[in-house]
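Novice: Below you'll find the structure I mean.
The values are calculated or read from the model by the stated rules, or taken from the named source; none is laboratory data. Here the structure is a predicted model, which means the values were calculated and not measured. Here Cβ is always computed from backbone atoms with ideal geometry, including for glycine, and neighbour counts include all displayed protein chains. Calculation scope for accessible area: heavy atoms of the full protein, side chains included, ligands and nucleic acids excluded. Shrake-Rupley method; radii C 1.70, N 1.55, O 1.52, S 1.80 Å.
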Amino acid sequence: MDTSAPVRILTVCTGNICRSPVAERLLQAGLDQAVPGGFVVTSAGTRAMVGEPMQPISADIVRTFGGDPDNFAARQLTPAILRGVDLVLTMTTGHRGEVLQLDASLLKRTFTIREFARMLDVLDQRAAASDGGAPPAGAADDGDRLAANTAFWKSLAARAAGVRHLSLPPNAGDNDIIDPYRRSPEVYRQMEDELAPAIVSILRHARLNVPA
């Protein structure tokens with residue numbers, strides 16, 4: 001397992017101008033605070049509006065939560081972009097299927113962002129119930145904090161999948177983030193309401209497992 005590089009996370013939606021850019025910029029901002037230099041978060045679209053900036057309301061949401069929406073340009077999802085990614089977080093189940101059509105080897109590292117967040121919530125609850133759970137991530141990894149963080153996150157997908165049965169939603173649609181493109185500001189607010197809790201859960205897990 002190569003732990004010399006930062007953890008690479010890719011967020012995916014359709015046009016890469018509404019949902020996945022918000023997830024990208026907010027995850028990057030929060031993960032930078034948890035483990036500076038430990039993560040590189042990018043995004044792409046299955047039918048991207050290549051070169052376009054994120055939509056203005058999406059940019060406003062990013063600013064509201066302390067992220068930076070500037071200098072963003074949409075890009076098309078390709079096998080080359082998927083190569084070497086440690087974790088793919090899609091906005092819908094359909095996007096997950098499209099990712100796996102391009103690279104089936106990512107089966108165990110690709111989740112919708114909402115299902116992944118619920119899995120991490122279960123892991124956090126288990127750790128709390130066991131009076132602290134496991135030792136800090138990578139505590140025995142020669143003191144190399146970034147390498148320990150990378151090792152922890154490279155193995156996280158398998159641990160998360162192991163509690164999938166405990167994190168199933170009441171409805172399959174609860175795995176998806178609504179697409180607000182060309183729709184009213186109210187739909188953007190719904191997107192925010194669906195996406196923000198998932199991002200919070202992921203960032204909470206990162207903070208709880210900062211390497212010693």
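Novice: As a test of the definition: which semi-axes, in Å, follow for region 17-85 when you take the square root of five times each eigenvalue of its alpha carbon gyration tensor? Largest first, please. Present the calculation step by step, with values, prior to reporting the outcome.
Specialist: Numbers: eigenvalues 75, 61, 11 Å².
Those come to 19, 17, 7 Å.
Novice: Separate question: Could you work out how far apart the two model spin labels at S130 and E98 are, taking each label as a point 7 Å from the Cα in the direction of the beta carbon, and quote it in nm?
Specialist: My value for the distance between the label points is 3.8 nm.
Novice: Using Cα atoms only, what is the angle between the long axis of helix 145-154 and the major principal axis of the chain, expressed in degrees (0 to 90) to the nearest 10?
Specialist: Around 70 degrees separate the two axes.
Novice: Can you work out the accessible area per residue across the chain, with the rest of the protein chains kept in place, probe 1.4 Å, in square angstrom? Mind showing how you got there, number by number?
Specialist: Numbers: 9810 Å² over 212 residues.
That works out to 46 Å² per residue.
Novice: Once neighbouring chains are kept in place and the probe is 1.4 Å, which whole percent of the accessible area of the chain is contributed by carbon and sulfur? Numbers along the way, then the final one.
Specialist: Details: 5260 of 9810 Å².
Whole-percent figure for carbon plus sulfur exposure: 54.
Novice: Further question on the same structure: If packing is taken as the mean number of other Cβ atoms within 10 Å per residue, what is the order of 4-13, 168-177, 48-57, highest first? Can you show the working numbers first?
Specialist: Working: 4-13: 21.7, 168-177: 13.9, 48-57: 17.1.
Sorting 4-13, 168-177, 48-57 by mean packing, highest first, produces 4-13, 48-57, 168-177.
Novice: Just report the Cα centroid separation between region 1-40 and region 172-212, whole Å.
Specialist: 13
Novice: So which trypsin sites (Lys or Arg not before Pro) in region 83-120 are both in a DSSP loop and have at most 16 other Cβ atoms within 10 Å of their Cβ? Could you put the intermediate results ahead of the total?
Specialist: Working: sites: R83, R96, K108, R109, R114, R118; in loops: R83.
Answer by residue number: R83.
Novice: May I pose another question? With each run of n ≥ 4 DSSP H residues scored as -39500 (n - 2.57), what mean residue ellipticity at 222 nm is computed for the chain after dividing by its residue count and rounding to the nearest 500 deg cm²/dmol? Before the final figure, lay out the partial values.
Specialist: Details: 8 runs with 96 residues, N = 212.
Here the helix-only value at 222 nm equals -14000 deg cm²/dmol.
Novice: Here is a further query. If each of S184 and L107 carries a label point 7 Å out from its Cα toward its Cβ, how far apart are those two points in nm?
Specialist: The answer from the label model is 4.3 nm.
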